Amino acid sequence: MSIVVIYGSTRENGNTEMLTEQVIKDLPVEKIYLRHHKILPIVDERHSEKGFQEVEDDYNQIIERVMKHDIFIFATPIYWYSMSGTMKLFIDRWSQTLRDQNFPNFRADMAKKKAYVIAVGGDNPYIKGLPLIQQFQYIFNFFNTSFEGYLIGRASKPGEIPQDKKAFVSAEQLRNILKEQI
């Protein structure tokens, strides 16, 4: 089993990234920082005669890298009770991939994957982050992807996440679970 971490934060070395690094410390993972790539918004062409047109950005290379792995870790800050815009752009494009001839088994392949979510937010994230977790649950249900669990941390300002001792204990527990799976 191999692991890919998809980072949705636009801030380098932000709280979400710091907490995620605690989870994957000493584990063999591929890291994908969406902020380093150009991902254009989806143009909904599901019902047009020609269907979706090829888009000149980095999305296809990213999804190819992601799909080589068995376990996905989605790491995103909590923005307005949801995932970051960067992460949302990436996931929105899955609608296009479902109809892409280059990925003829995308939905079936997604059903073979396991997924985790790591999210960090400021004001009461253990409650206000739940819509984000529910959103991911619906996404994973659509693909029959096994949603294995999530970790929420609390931090507002850069560098605050180490103060959330509960999140760091949970990070250690999640790392041990992942160790058993790889």
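The values are calculated or read from the model by the stated rules, or taken from the named source; none is laboratory data. Small disclaimer: the values here were computed from a predicted structure and weren't measured. With ideal geometry, Cβ positions are generated from the backbone for all residues, glycine too; neighbour counts draw on all protein chains shown. Accessible surface areas use protein heavy atoms only, side chains included; no ligands, DNA or RNA. Shrake-Rupley method; radii C 1.70, N 1.55, O 1.52, S 1.80 Å.
Would you mind stating whether Leu174 is aliphatic (A, V, I, L, M), open to solvent by less than 10 Å² (accessible area, probe 1.4 Å) and at pLDDT 95 or above? No; evaluated as a whole, the condition is false for this residue.
Of all residues in segment 104-123, those satisfying the criterion of being modelled with pLDDT of 95 or more and of a type outside the set (A, V, I, L, M, F, W, C) are Asn105, Arg107, Asp109, Lys112, Lys113, Lys114, Tyr116, Gly121.
Of all residues in segment 110-132, those that are within 11 Å of Ile71 (Cα to Cα) have Cβ atoms under 8 Å from Cβ atoms of residues that are of a type in the set (S, T, N, Q) and surrounded by fewer than 16 Cβ atoms within 10 Å (Cβ to Cβ), 6 or more apart or on another chain, in Met110/Asn144; Lys113/Ser146; Lys114/Ser146; Lys114/Gln181; Ala115/Ser146. Among the residues making up segment 59-105, those that are within 16 Å of Arg35 (Cβ to Cβ), open to solvent by 50 Å² or more (accessible area, probe 1.4 Å) and of a type outside the set (A, V, I, L, M, F, W, C) are Gln61, Arg65, Tyr79, Lys88.
Just give me the residues in segment 30-53 being out of contact with any Phe, Trp or Tyr (no Cβ under 7 Å at 6 or more places or on another chain), open to solvent by less than 40 Å² (accessible area, probe 1.4 Å) and at pLDDT 95 or above, in sequence order. Listed by number, the list is empty, since nothing qualifies. Among residues of segment 144-159 being buried (at least 16 other Cβ atoms within 10 Å of the Cβ) and among the charged types (D, E, K, R), the one that is nearest to the chain's Cα centre (by Cα) is Glu148. Cβ separations smaller than 8 Å between residues 6+ apart or across chains give the following pairs from segment 43-57 residues that are touching a residue at least 40 places away in the same chain (Cβ under 8 Å) to residues that are open to solvent by 50 Å² or more (accessible area, probe 1.4 Å) and of a type outside the set (S, T, N, Q): Arg46/Arg99; Gly51/Arg99; Phe52/Val43; Phe52/Arg46; Phe52/Arg99; Val55/Leu40; Val55/Val43. Looking across segment 1-29, the residues that are open to solvent by 80 Å² or more (accessible area, probe 1.4 Å) and farther than 19 Å from Asn176 by Cβ come down to Thr10, Arg11, Glu12, Asn13.
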